[in-house]
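Presented below is the structure to which this report refers.
Derivation of every value follows stated rules applied to the coordinates shown; laboratory data play no part. Note that this is a predicted model, so its numbers are computed, not measured. All Cβ positions, glycine included, derive from the backbone under ideal geometry; neighbour counts span all protein chains shown.
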Amino acid sequence: MLKPDHLRQHLVAALPQLARDPEKLIVLAKDGNAVCTATGTLSFEYRYTLQIIVLDYAGHADAIMVPLLAWIQRQQPELLDNSTLRERAVRFEVEYLTTDTVDIAIEIDLTERALVRARPGADPGALNIIHPPEPTPVGWIEQAQRWRLYFRDDPEPIAEWSFDPRPLP
């Protein structure tokens, strides 16, 4: 599975508080299934709920949610494009710890295709596994992008992130 680590890296890079203390971000894949595509190969699809927990967070929830939605828009676009899926695309719970800090738990349902193919030019039985990129969302411009999020008219951004159009490693 590539998406959990990719989202972790994205959020740590986007949020200064997590960049200073990345251990405050917990990422869990739960309720997972590996669904075989029955195509005569060993290809399958991971289906799981990704839970993201931010501990002792002292920032604004928008600083987490907007970069998360931007990531979903590129890495799991059907969650936002499909009117049925978007109703439950992003679920969250917040525990208020103090007047300044909260624990935020966010859940999103993710899928990842895993294609298993014979390794070209290798001995029989040698296989490659490939995680193909998600289809490009409608209207998406395939170029590197840099974003800054400001709360109201505050002079400092509450989050910053970049997108590289290349597929996940």
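As a test of the formula, what do you get for the chain when each DSSP H run with n ≥ 4 contributes -39,500 (n - 2.57) and the sum is divided by the residue count, at 222 nm and rounded to the nearest 500 deg cm²/dmol?
Mean residue ellipticity, 222 nm, calculated: -6000 deg cm²/dmol.
Hey, what's the Kirkwood Rh for the chain if you take every pair of different alpha carbons, in angstrom?
17.7 Å
In terms of modelled amide H atoms, which long-range or inter-chain residues lie less than 5 Å from the amide H of Ile158?
Placed amide hydrogens put Leu149, Tyr150, Phe151 under 5 Å from Ile158.
List the GluC sites (Glu not before Pro) in region 42-120 that DSSP assigns to loop (not H, G, I, E or B) and whose Cβ has at most 15 other Cβ atoms within 10 Å. Which are they? Write down the numbers at each step before the final one.
Details: sites: Glu45, Glu78, Glu87, Glu93, Glu95, Glu107, Glu112; in loops: Glu87.
Qualifying residues, ordered by number: Glu87.
Angle check, please: helix 62-75 long axis (alpha carbons) against the longest principal axis of the chain (alpha carbons), in degrees 0 to 90, nearest 10.
The angle comes out at about 20 degrees.
Of Thr41, Leu11, Ala29, whose Cα points farthest to the positive end of the dipole of the chain (charges on the beta-carbon: +1 Lys, Arg; -1 Asp, Glu; origin at the Cα centre)?
Thr41
Give the angle, between 0 and 90 degrees and rounded to the nearest 10, that separates the Cα long axis of helix 3-14 from the longest principal axis of the Cα atoms of the chain.
Taking Cα atoms only, the helix is inclined about 30 degrees.
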